[in-house]
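Following: one structure in structure tokens, then a few remarks.
We did not get these values from a lab; they are worked out from the coordinates using the rules stated. Just so you know, these numbers come straight off a predicted model, no measurement behind them. Cβ sites come from the backbone with ideal geometry, for glycine too, and all protein chains shown count toward neighbours.
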């Protein structure tokens with residue numbers, strides 16, 4: 001079968017500019033939701049390790065909800081549902097300050113936080129109890145022993161799933177197009193709609209996603225290698 | 001040439017018609033008559049049959065010699081006694097399944113029925129999909145498309161448009177409580193659209209300063225406008241009214257004038273059928289004169305419906 005590819009029409013100047021805007025939005029959205037997800041995930045994993053049964057159940061509930069409700073539904077809930085609870089003035093402010101981007105970051109960030117917290121929890125459990133006891137017996141507080149002894153080790157152990165979920169987070173930012181965030185997939189569809197060169201533009205989109213995903217994995221692998229705890 | 005082809009086709013038509021009825025009689029005969037008497041009438045019939053067969057073959061050959069011979073479509077439809085209309089079944093209020101009667105009804109369907117009545121034939125509804133409607137017509141599976149078919153020069157290359165029977169307005173819907181009173185108040189503002197809709201291109205042409213935010217489907221795009229996430233929503237007028245009717249009494253939505261675009265809908269027929277085109281256009285003009293066109297509009301879109309629209313167009317040729 002012959003495929004007649006026509007990249008000339010999709011690589012016209014306005015389309016390239018449009019596409020680059022999309023890449024920029026995807027990158028920004030990945031970054032904001034990643035920071036939120038990692039911070040929240042770490043906090044939740046730590047809270048859970050404290051051993052308070054009430055907090056433990058609370059975090060478990062959070063994780064169960066965010067892992068089992070489709071991310072698209074969560075996006076809609078944050079974008080269309082949550083703002084109606086806000087006072088009129090706050091709604092107006094957020095609507096004029098990029099509510100699509102803000103709520104997309106929150107929804108993706110909170111959802112992926114559940115996955116990260118599980119990654120870190122598995123890392124925490126892999127650090128032997130002796131490490132914790134040793135840290136405490138040296139006079140470190142719970143927070144300090146976490147900060148200086150336990151978490152650094154567990155992050156290293158949890159690195160591979162952590163990187164996987166970062167790639168998942170990056171790819172999931174494309175869901176934000178449903179609420180009008182002009183990220184990469186949104187612009188790809190826009191250009192498709194204008195040029196009708198479906199195959200070509202999706203090929204370009206695929207290559208960009210693949211390149212970024214592979215780079216993330218490469219960087220992740222390098223970081224894992226450099227921070228690995230040497231075998232005794 | 002055309003007449004020649006037609007005559008030869010008629011020849012085929014009549015001879016084969018007689019032949020099938022006779023051959024049916026032949027099959028039943030052995031049951032009614034004894035085997036002794038069977039031979040005589042049957043040979044007589046066989047001779048007649050062979051004559052007819054020859055005539056038919058001759059006619060067919062002539063028809064083939066005449067090239068792409070075919071009776072004109074109007075004559076076909078009249079001979080058949082039915083007009084096959086391609087209609088949509090998921091596009092309220094133009095063509096949709098009535099939940100109570102399970103029948104396909106709507107604005108487009110009534111036009112199909114009106115045209116069939118004027119031609120003196122029975123309407124037959126054939127449900128088509130939005131994507132496949134034009135191929136269905138071109139491959140002759142339907143005689144007429146009454147399927148929300150908007151005029152465009154590109155489409156007019158493929159099929160013939162009859163006179164317009166509906167003019168669709170693409171409007172910007174806003175909340176009446178907001179500050180926007182006329183279309184151009186929205187210059188530089190945010191307006192929602194549906195991904196892949198033709199409105200994106202229209203807006204780029206008519207109001208290039210507007211920042212478009214496109215959503216996956218019309219309910220999302222509408223909700224974004226109602227919640228104030230965007231200032232307006234570009235949509236076709238009937239759809240706007242349908243959504244607005246679903247809102248509570250607290251929120252009012254209105255279309256800003258002027259519309260951003262007009263789409264002229266015509267019935268679609270095959271190209272190269274001038275007699276058919278004339279007949280359908282005459283039928284449509286007749287519906288305008290008799291008041292049937294107004295009545296159809298009022299039934300589906302008029303002030304007593306949720307759409308509350310007023311008819312401000314007449315049936316007539318599409319200006320293109």
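Computed from the alpha carbon atoms alone, the convex hull of region B:75-125 holds 64 Å³ per residue.
With N as its number of residues, region A:14-53 has a Cα radius of gyration that, divided by 2.2 N^0.38 Å, comes to 1.93. Taking only the Cα atoms of region A:64-135, the radius of gyration and Dmax are 17.8, 54 Å.
Think of it as helices only: each DSSP H run of n ≥ 4 in chain A is worth -39500 (n - 2.57), and spread over all residues that comes to -24500 deg cm²/dmol at 222 nm. Give the Debye-formula value of log10 I(q)/I(0) at each listed q (0.24 Å⁻¹), with one equal scatterer per alpha carbon of region A:1-101, two decimals each. Here the Debye-derived log intensity ratios amount to -1.24.
When all alpha carbon pairs of region B:123-196 are counted in 5 Å bins from zero, the resulting P(r) reads 3, 11, 18, 16, 12, 10, 10, 9, 7, 3, 0 %. Mean projected area of the Cα convex hull of region B:261-320, taken over all directions, amounts to 5.0 nm². Between the C-alpha center of region B:92-119 and that of region A:181-232 there is a gap of 49 Å. Considering region A:84-171 at the alpha-carbon level, its Rg and Dmax are found to be 18.8, 54 Å.
A Cα-only calculation for chain A places Rg and Dmax at 21.3, 72 Å. Hydrodynamic radius of the protein assembly as shown by the Kirkwood approach over all distinct alpha-carbon pairs: 29.5 Å.
Peptides A:119-126, A:89-96, B:287-294 ranked from most to least packed by the mean count of surrounding Cβ atoms within 10 Å: A:119-126, B:287-294, A:89-96. Counting only the backbone N, which residues of region A:162-180 are under 20 Å from the spot 7 Å out from the Cα of residue A:221 toward its beta-carbon? Backbone N within reach: A:162-171.
Enter the Cα centre distance for the pair region B:242-294 and region A:89-135, rounded to the nearest angstrom. About 53 Å separates the Cα centre of region B:242-294 from the one of region A:89-135.
Distance distribution P(r), region B:169-261, all Cα-Cα pairs, bin width 5 angstrom from 0: 3, 16, 30, 30, 17, 4, 1 percent. Placing a label point 7 Å from the Cα of residue B:82 along the Cα-to-Cβ direction, the residues of region B:118-137 with a backbone N closer than 12 Å are B:122-127. Report, to the nearest 10°, how far helix A:184-195 tilts away from the longest principal axis of the Cα atoms in chain A, using its own Cα long axis and a range of 0 to 90°. Computed tilt is about 10 degrees. Computed over the Cα atoms of region A:115-232, pair by distinct pair, the Kirkwood hydrodynamic radius stands at 17.1 angstrom. Mean partner shielding of peptide B:209-215, defined as the number of other chain Cβ atoms within 10 Å of each residue Cβ, is 3. Of the residues B:174, A:212, the one with the fewest other Cβ atoms within 10 Å heads the list, and the complete ranking is A:212, B:174. In region B:169-261, what percentage of the DSSP-assigned beta bridges are antiparallel, given to the nearest 5? So the antiparallel bridges amount to about 55 percent of the total. With no solvent and one equal point scatterer per Cα, compute the Debye intensity ratio I(q)/I(0) for region B:212-320 at 0.13, 0.14, 0.17, 0.19 Å⁻¹ and report its log10, rounded to two decimals. Each listed q maps to, in turn, -0.67, -0.75, -0.94, -1.06.
Were the residues from residue B:317 through residue B:139 laid out at 0.36 nm apart, the gain over their Cα-Cα distance would be 61.6 nm.
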